[in-house]
Amino acid sequence: MPFNDDRQDVDEDQQSDAGSLRFSESMASLSDYEHSSRQSFMSDSSSKSSSPASTSPPRVITFDEVMATAKNLTNLSLAHEIAVNENFRLEEDAIPENSLAGQMRRIVHQAFWDVLKAELSAEPPEYEHAIRLFEEIRESLLSFLTPGGRSQLYNQICEVLDIDLLRQQAEHSAVDIQGLANYVISTMGKMCAPVRDQVIRDLKATDDIVELLRQIFHVLDLMKMDQVNFAIRNIRPHIQRQLVEYERSKFQEILEETPDALKQTTEWLKESIDEELLNSETAVSPGAEASSPSLSPMLILHNSFLKLLQWDYQKKGLPETLITDEIRLQELTEKLNQLKIIACLSLITNNMVGAITEGLPELANRLKRISAVLLEGMNKVTFNLKEALNSIGVQTCVEINEALKERGSPPLNTEVQANLVGQFSSIEEKDNPVRSLIDKRIQLYMKSLLCLPSPQKSMPPMPGGLDVIQQELEVLGCQYANIVILNKQIYGSFYASIFRKLLFGDEGLGKVDASLPAK
C-alpha cells in the first residue's frame, strides 16, 4: 500500500491497490459503508412495469430480488456520496467508553489480553494464542500488497511469519515473540501512510509485549482505513466522470427489480401538476371560454424541487430519486430555516427602530450573531422557538440600548421594547405576515437560481429584505442549484416518462412537452 513516495523498497514490490481497482469492484468492497435500504424501494406490491400508471397484475418479489435491489441502492448511494462530497472518507469507529457497548467491548478485550499475558508469563510459556495473533497479523500485512502478486516483500512476510515453523518452535519454547513483533513493526513502517509514522515510533518505544501486540492490531486497523480512503481518493475522479450514467443505469436496475420504485416520485410530481392546473383554472376570467392549459414540464419540475426547501423530513419521506442527497437537502433546509428567522428579525428591527439605530452598522452584525447563536438547533423537536425568539427580543433591546448609550442617545422606551419583543415572538406563527413575506422572497430567489444555466458564474439579484443573509443565502443557493442540476441530469429521463404517463394518460389534463433538457 504505497502511501509514502519516499519508501522506494515497497514501491518496487507492489502497486497501489486503488490503481488496479475497477469501478464496480470498488463499489462492492465499500458497500458496507451504507447498507440501509429505503422502504419505498422494498415495496412488494405493484407490477413488473416501472410505469406509475401501470395496471399489470401484481406479482410476488423474491428475497433475492429484494437483496439485489438493496445492493444496487447501496452502491448507488455510495458512488453518489464519493462523487459529490469531496470530504467523504471513512473514520475510525469510536464507541463511547461509557456506553454499554463500549463497556462490554472493553471487558471482553481486556479478558483476552489478560489470558495472553498469563500464557506468556507461564513456565514454560504457552504460545498458542500468540501464534494465532501473528497469523492474523500476517494476513493483514499480505492484504496490503497487490492481489495475485508474489513480490519479494510478500515472500519475506510468509517466510518470517511461517505459522508451521512457529508452532514447531513453540514445542521447544523457542519462539522469539519480541523479535517477531519488531519485524512486524518494521514492515508496517514501510507500508503505512506518512500520517502514521508517529504511531509506528510509539510502537517501537513500547516495552510490554502484550500491550505492544494490542497496539499493533490497533495500528493495522488504522492502516486498513487509510487504504480504503486512499482507494476512495483515487477512484473519485473516475466516479465523477461516470456518475450520471452509472446512477442512471443502477436506478434502472432498481426499477427492474422493484416495480413500485417511483411511487413517491410520481406523487411528488403529480402534486405540482395539480397545483399548476388549479392555478391555470383560477387565472381564467369569469365568463371567458376555458381552454386546455399548456403545461411546462420544466416549470412543474422546478416547482417540485422548490417544495424540498419546506420539506418536513420528520413526517415525510423524500422522492426515491432524491434519497442519495437526503442528508444534504435536510441540512440545507435546516440552515435555510434559520436564515429565514434571522431575516424576519432584521426586517422587524429595521421597521420599528431603524431610524433610531441608523448609522450603527456594527450593531446589525452583532444582532445577527446573537440571533444565530440563540437559534442554534432550532430544527430539533425539543427546541422551544417561542422562548428563543423572546430571548432574542430581550437581548436585542439590551444591545440597542447599549449602542444608543455609547452614542449619547436616550434608550428605547418600555412600550417600544415590549412591542419589539412581542413582534419577535409572533414570528413563530406559521401565518405570520413577515415570515410569509420573507419565505416568498426566498422562494423567488431560489426559483431564479434554477432558471440560470450556471449559478456559480452569475447570481440573480437579491430580493429586498434579504440583505442581512445575502452571503449565506448565495452559498446555500449554489449548493441547492448544484443538487438540482445533477439530479436532472441523472433522472431527467425518468421524470419525462412520469410526465408522459400523468399528462398524456388523460387528454383533458392539457398539453405538455414532456422532454426535459439536461440542465
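The values are calculated or read from the model by the stated rules, or taken from the named source; none is laboratory data. In this text the structure is predicted, and so the values were computed from the model without any measurement. Note: ideal-geometry Cβ built from the backbone for every residue, glycine included; neighbour counts use all protein chains shown. These area figures cover heavy atoms from the full protein model, side chains too; ligands, DNA and RNA do not enter into them. Shrake-Rupley method; radii C 1.70, N 1.55, O 1.52, S 1.80 Å.
Let me check I've understood the local charge: for Leu336, count other residues with C-beta under 11 angstrom from its C-beta, Lys and Arg +1, Asp and Glu -1. What total comes out?
-2
If you roll a 1.4 angstrom probe over the protein chains with everything in place, what fraction of the accessible area of segment 433-491 belongs to carbon and sulfur, to the nearest %?
58
If a/c stays under 1.5 just call it rounded; otherwise compare a/b with b/c (prolate if a/b is bigger, oblate if not). Do that for segment 332-439, with a ≥ b ≥ c from the square roots of the Cα gyration tensor eigenvalues.
prolate
So what's the gap between the Cα centers of segment 212-245 and segment 332-403, to the nearest angstrom?
When both Cα centres are located, 44 Å separates them.
Between Asp312 and Cys478, what is the spin-label point distance in nm, taking each point 7 Å from the Cα along the Cα→C-beta axis?
The answer from the label model is 3.4 nm.
Given a 1.4 angstrom probe, what's the average accessible area per residue across segment 345-434, in square angstrom?
58
Go through Leu318, Val373, Leu404 and say which Cα lies farthest out towards the positive end of the charge dipole of segment 318-413; charges sit on Cβ, +1 for Lys and Arg, -1 for Asp and Glu.
Leu404
Convex hull over the alpha-carbon atoms of segment 99-176: what's its volume per residue in Å³?
Spelled out: Cα convex hull of segment 99-176, divided by residues, is 103 Å³.
What Kirkwood radius, in Å to one decimal, follows from the Cα pairs of segment 366-494?
Kirkwood radius, segment 366-494: 17.4 Å.
Multiply the residue gap between Asp208 and Glu271 by 0.36 nm, knock off their C-alpha separation, and tell me the result in nm, one decimal place.
15.9 nm
Starting from the Cα of Ser121, step 7 Å along the direction of its Cβ; do the same at Ser493; then give the gap between the two resulting points in nm.
Reported label-point gap for Ser121 and Ser493 is 6.8 nm.
Please give the contour-minus-distance gain from Gln240 to Gln178: 0.36 nm per residue of separation, less the Cα-Cα distance, rounded to one decimal in nm.
17.6 nm
If a/c stays under 1.5 just call it rounded; otherwise compare a/b with b/c (prolate if a/b is bigger, oblate if not). Do that for segment 147-200, with a ≥ b ≥ c from the square roots of the Cα gyration tensor eigenvalues.
oblate
I'd like the trypsin sites (Lys or Arg not before Pro) in segment 140-249 restricted to DSSP loop residues with at most 14 other Cβ atoms within 10 Å, sorted by number.
Arg150
Give the average over all directions of the projected area of the C-alpha convex hull of segment 390-444, one decimal, in nm².
4.7
If you take the C-alpha gyration tensor of segment 308-361, multiply each eigenvalue by 5 and take the square root, what semi-axes do you get, largest first, in whole Å?
Semi-axes, largest first: 36, 10, 6 Å.
Find the percent of Cα-Cα distances in segment 297-394 that exceed 18 Å, and round it to a whole number.
I get 57 percent for the Cα pairs in segment 297-394 exceeding 18 Å.
Answer rounded, prolate or oblate for segment 85-221, using the Cα gyration tensor with square roots of eigenvalues a ≥ b ≥ c: rounded when a/c is under 1.5, else prolate when a/b is larger than b/c, else oblate.
Because a/c hits 1.5 or more and a/b fails to exceed b/c, segment 85-221 counts as oblate.
Counting C-alpha atoms alone, how compact is segment 213-352: give Rg to one decimal and Dmax as a whole number, in angstrom.
That works out to 23.5, 88 Å for Rg and Dmax.
Looking at segment 292-395, which GluC sites (Glu not before Pro) are DSSP coil and have at most 12 other C-beta atoms within 10 Å of their C-beta?
Passing both the DSSP loop test and the Cβ count: Glu358, Glu376.
Taking 0.36 nm per residue of sequence separation and subtracting the Cα-Cα distance, how much length would be gained by fully extending the chain between Asp197 and Val381, in nm to one decimal?
Separation in residues times 0.36 nm, less the Cα-Cα distance, equals 61.7 nm.
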